[in-house]
């Protein structure tokens, strides 16, 4: 099975000062200590690799950033997930650059081809397998959510897919390529990934007989789990993360 976690395109939030870090809200007693470092995994591209300090056979998660790039928020979440018992490789699809304006983020997103992104993410998947992961999932937010789904449809064998308000495919014949569970997290006020599209996605998954869980939160919009944005919704973010952890544990551990 493969799990990918992703999110939408990210047009409707501003790059401003972090009011609260998700990791401060999500941390709890008894979490594992982790190691984290930059690692080369795809040609000269470096990602951010986090894993528990205690030796063990941990499942892997490919984490995909929003359209801003591999910033500190994503690195924080990589360490947060590693503390739950995963080895996490947060990929860098922009080759070292982090956008600080919407215009630059749009330029970077537009310049990235689907072929380049898939080669990058597949390399990350294989890096985690080389590190001993016998199961691998993908996880991303916004732009990264759409990429997480693209990875699931690429032909690369995964074990789970999680999508946070990411761009969706609603063609059941395409979705039949997925033979593992899918988790989708959305907001009912999202204008870039509207509720009707989410419903079509769910129906296509059912037609394709893909095991899935879809959650749509009331009263929140696009990128509600991003603490730097105007749409940030801490309560829904905490609940969505709990559902994500339950899903990953069920299908990876």
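The values are calculated or read from the model by the stated rules, or taken from the named source; none is laboratory data. All values derive from a computational prediction rather than experimental measurement. Glycine also receives a Cβ, built like all others from the backbone with ideal geometry; neighbour counts cover every protein chain displayed.
Of the candidates 154, 138, the single residue that is modelled with pLDDT of 95 or more and out of contact with any strand residue (DSSP E or B) (no Cβ under 9 Å at 6 or more places or on another chain) is 154.
Conditions (1) over 14 Å from the mean Cα position of the chain (by Cα); (2) over 23 Å from residue 228 (Cα atoms), marked per residue:
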{"residue": "98", "(1), (2)": "yes, no"}
{"residue": "113", "(1), (2)": "yes, yes"}
{"residue": "142", "(1), (2)": "no, no"}
{"residue": "176", "(1), (2)": "yes, yes"}
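Summed over the stretch 208-253, residues that are in contact with a strand residue (DSSP E or B) (Cβ under 9 Å, 6 or more places away or on another chain), surrounded by fewer than 20 Cβ atoms within 10 Å (Cβ to Cβ) and on the phi > 0 side of the Ramachandran plot total 1. Selection of the stretch 23-44 for residues being part of a loop (DSSP other than H, G, I, E, B) and surrounded by 14 or more Cβ atoms within 10 Å (Cβ to Cβ) yields 31, 32. If you go through the stretch 45-71 and pick out every residue that is more than 19 Å from residue 137 (Cβ to Cβ), out of contact with any strand residue (DSSP E or B) (no Cβ under 7 Å at 6 or more places or on another chain), in contact (Cβ under 8 Å) with a residue 40 or more places away in the chain and surrounded by fewer than 24 Cβ atoms within 10 Å (Cβ to Cβ), you end up with 1.
Which of the residues belonging to the stretch 91-149 are in contact with a helix residue (DSSP H, G or I) (Cβ under 7 Å, 6 or more places away or on another chain), over 24 Å from residue 182 (Cα atoms) and in a helix (DSSP H, G or I)? Passing the criteria: only 109.
Scanning the stretch 75-90 for residues that are touching a residue at least 40 places away in the same chain (Cβ under 8 Å) and in a helix (DSSP H, G or I) yields 76, 77, 78, 79, 80, 81, 82.
Pairs meeting the criteria (first residue in the stretch 98-115 and more than 20 Å from residue 48 (Cβ to Cβ), second residue modelled with pLDDT under 95, beta carbons under 8 Å, at least 6 apart or on different chains) are 101/15; 102/11; 102/14; 102/15. Of all residues in the stretch 136-194, exactly one satisfies the criterion of being on the phi > 0 side of the Ramachandran plot and surrounded by fewer than 24 Cβ atoms within 10 Å (Cβ to Cβ), namely 155. You will find that of 77, 63, 131, 121, the residue that is more than 17 Å from the chain's Cα centre (by Cα) and closer than 16 Å to residue 49 by Cβ is 131 and no other. Highlighted here are the strands (runs of 3 or more DSSP E) found entirely within the stretch 157-253 that include at least 2 residues which are free of Cβ contacts under 8 Å to residues at least 40 places away in the same chain: 182-187, 212-217.
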